[in-house]
1. If you take the alpha carbon radius of gyration of the stretch 626-669 and divide it by 2.2 N^0.38 Å, what ratio comes out, to two decimals?
2. Would you please give the FRET efficiency between N227 and S313, computed as 1/(1 + (r/R0)^6) with r the Cβ-Cβ distance and R0 = 25 Å, to the nearest 0.05?
3. Output the direction-averaged projected area (hull surface divided by four) of the convex hull of the alpha-carbon atoms of the stretch 457-564, in nm².
4. Over the stretch 511-595, with a single point scatterer placed on each C-alpha, what log10 of the ratio I(q)/I(0) does the Debye formula yield at q = 0.13, 0.22, 0.24, 0.26 1/Å?
5. Describe numerically, in nm with one decimal, the distance between label points set 7 Å from Cα along Cα→Cβ at E607 and at K250.
6. From zero outward in steps of 10 Å, how is the percent of C-alpha pairs of the stretch 211-298 spread across the bins?
7. Quick one: with all protein chains in place, what share of the accessible area of the stretch 272-368 is carbon or sulfur, to the nearest percent (1.4 Å probe)?
8. Past the 24 Å Cα-Cα mark, which pairs from K393/K508; K306/K375; K338/K362; K283/K362; K455/K508; K353/K508?
Amino acid sequence: MGRENPTAPAGNINSASKQDIYRKIKLSLEAENRTSTEATVTTAGKQSEQAAAYAASALAGSRKSSKSKNRKNSPNKPVQQKAEKIADNSGKNKELKDTEKNTEKNTAKDESSAKASADKADTKPETENKEKSSAKDNNSEKIRKAEKAAAEITAEAEKASSKRNAPGIDEIPSQQSASKSQRKRIKKSGGTAAVTKNNTLTAFLIAFIILAALALIYMLIAFSYRNKFLPNTFVNGVNIAGMSTEEAEKAIIESAEDDTLTFVEQDGEKVTFTGDQYESVYKLPGGSLDDAAAESRALWLGKLLKGSDYNISLEHTYSDDAIKEIVSAYDWGYVAPKNAEIISDDSGNFSIKPEDNGNSVKTDVLGEYAVEQIKSGVNEIVMTDSDCYEKAKITSEDLVDTLDLYNRIGNVSINFEMTNREELFDPVGTENINYKTIADWLTIVDDRVVVNGEKAQEWVRENIAKYDTYVEGYTRQFTTTMDGTIELPLGATGIYGWSTDVEATADKLIQLIMTGESCSTEPVYAQEGFRMHSDTEGYAYTKKTYIEISLTRQHLWYYIDGEMVLESDVVTGMSWDPSRSTPPGMFDIWSREANVILGTYAIQGYECPVDFWMPIDYTGIGLHDLYHASYGGNVRDWEGSHGCINLPWDTASAIFDYCVVGTPVVITP
């Protein structure tokens with residue numbers, strides 16, 4: 001089947017011979033396809049047998065070469081095993097030949113069957129087609145097995161010849177033997193080509209291994225990011241690379257859980273509440289990490305160069321009521337604000353004392369403001385921005401104009417004069433008020449100076465009304481013409497005296513204060529007595545002027561400017577009848593009337609015409625003319641009046657001419 005070539009080196013297997021084998025096998029297969037199954041099987045079997053014989057020859061050459069080059073026996077056991085395997089393959093080749101023979105028989109049988117079936121083509125076309133198809137399939141399977149066996153035998157031959165110092169296979173044994181020189185050239189060129197080819201294959205193999213390793217590493221790294229986020233993946237500034245979805249959510253929420261609520265007080269101090277105090281909870285919206293999770297894991301290397309940054313709005317829940325409650329419960333301070341005020345020194349100089357806003361907080365306002373700020377994402381609340389601090393209603397700026405008024409008030413001096421009176425009956429005097437008293441009355445309301453009205457009235461009562469004489473129960477010290485000094489009460493029906501209108505006088509005082517000007521003035525009176533130093537109906541009284549009547553003496557004296565101008569006996573009321581008696585007291589002429597009829601028959605039971613009527617109280621008692629046979633003495637006991645003072649006509653006429661409204665009338669007991 002083949003021959004040994006002891007002079008051929010182990011590595012010089014003629015590559016052209018191997019190529020011829022492959023080419024012939026290929027040509028045989030192609031020829032078989034063009035001709036018939038039988039030729040293909042036969043050719044493949046022959047070629048396989050030749051390859052097996054050639055492999056055995058190469059094995060023998062390898063053993064001989066190994067013995068000549070190695071002093072010691074080197075282990076050739078692997079080569080021997082390869083040769084034995086090739087021998088086994090030869091056995092397989094024999095079996096293949098048997099298969100070929102069977103195939104020939106089957107083929108002949110198939111052809112005979114095909115010829116017999118041709119006669120029956122008209123009646124059984126479907127059966128014929130099935131048989132042809134089955135035969136074709138069997139032939140194809142046989143061809144495939146033959147090709148596989150030939151390839152295995154050839155591969156074993158190549159492996160055996162590639163061993164170190166193995167003899168080369170120059171050519172197929174069936175070919176003509178090459179000359180010695182040809183074998184040398186083949187040996188030299190074949191060895192060089194084999195080395196070159198082996199180096200190329202080695203380099204290619206190394207490169208392939210490296211690329212495969214890199215690809216494997218790349219895929220392993222990509223696989224490591226399965227169910228995890230790729231490198232350089234940031235969400236809200238948090239690097240979630242290599243994290244699972246659950247881990248990423250936890251990290252993002254933890255980064256956002258700086259949910260402390262801080263209040264910055266007006267002095268810069270900070271008050272901080274933790275999130276659990278107002279039930280603060282953060283969570284991610286559903287599906288918020290889907291875009292980051294959807295990034296292709298095969299792109300992990302590119303993510304090392306350029307990362308991804310996602311911004312996600314977290315869902316933040318908290319309790320509005322809890323915020324308001326902690327704000328309300330906290331002790332912010334309780335120093336109430338104080339308004340700016342104007343103060344004075346001992347010299348009467350005024351200045352502004354600035355306001356003090358204190359630290360009192362309107363917690364309801366602050367609580368509402370805090371809730372709105374948190375909704376806007378603000379967790380540090382500047383309290384002064386919320387207008388939550390109680391503030392002074394009056395500031396220093398508000399008092400600039402008022403200070404000018406105060407400075408003018410500081411120079412105010414107001415005199416109340418109670419001097420234009422009949423000193424015999426009424427006390428006289430002057431009362432002064434200045435800034436030392438007024439300053440305590442002043443307050444600021446809506447940027448205006450306000451004088452305390454109650455304090456002004458109190459001052460009037462204490463300092464002006466003390467001069468009043470028309471007061472219930474008031475008693476005078478009076479020096480009579482004939483009976484000396486007596487205690488003279490106002491009397492049950494007395495109407496003379498001075499009475500201050502306290503409220504009106506206080507209002508007048510306030511107006512004078514607000515003008516900021518010093519002055520002298522009189523009080524406002526509810527009732528006036530007799531003014532001594534005023535012109536009354538063209539006459540100016542300068543000294544005591546009054547009418548004195550003595551009930552005991554039944555006599556009248558009239559004084560003008562300290563001089564008695566007339567005197568006369570009179571008849572007063574019935575002494576023994578209280579209902580017709582004349583009461584003692586202080587009176588004055590409040591009216592002057594001529595030609596009057598006094599009384600009525602319907603009421604008094606009489607009518608009395610008179611020429612001069614001068615009433616002195618409000619019960620109907622007065623001075624008038626009335627004829628009596630005599631006046632004075634005890635006439636009143638039987639001809640007494642109903643309470644009036646009856647005068648002779650000439651006396652009544654003179655008094656009527658001299659007196660003025662307001663002239664005091666003193667009736668002594």
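1. It is 1.30.
2. 0.50
3. Answer in nm², one decimal: 9.1.
4. For the stretch 511-595, the Cα-only Debye profile gives -0.66, -1.24, -1.30, -1.34.
5. 12.4 nm
6. 15, 32, 22, 16, 9, 4, 1, 0
7. With neighbouring chains kept in place, the figure for the stretch 272-368 is 47 percent.
8. K393/K508; K306/K375; K283/K362; K353/K508
The values are calculated or read from the model by the stated rules, or taken from the named source; none is laboratory data. Here the structure is a predicted model, which means the values were calculated and not measured. Please note: Cβ atoms are built from the backbone with ideal geometry, for glycine as well, and neighbour counts cover all protein chains shown. Just the protein is used for accessible areas: all its heavy atoms, side chains included, with ligands, DNA and RNA removed. Shrake-Rupley method; radii C 1.70, N 1.55, O 1.52, S 1.80 Å.
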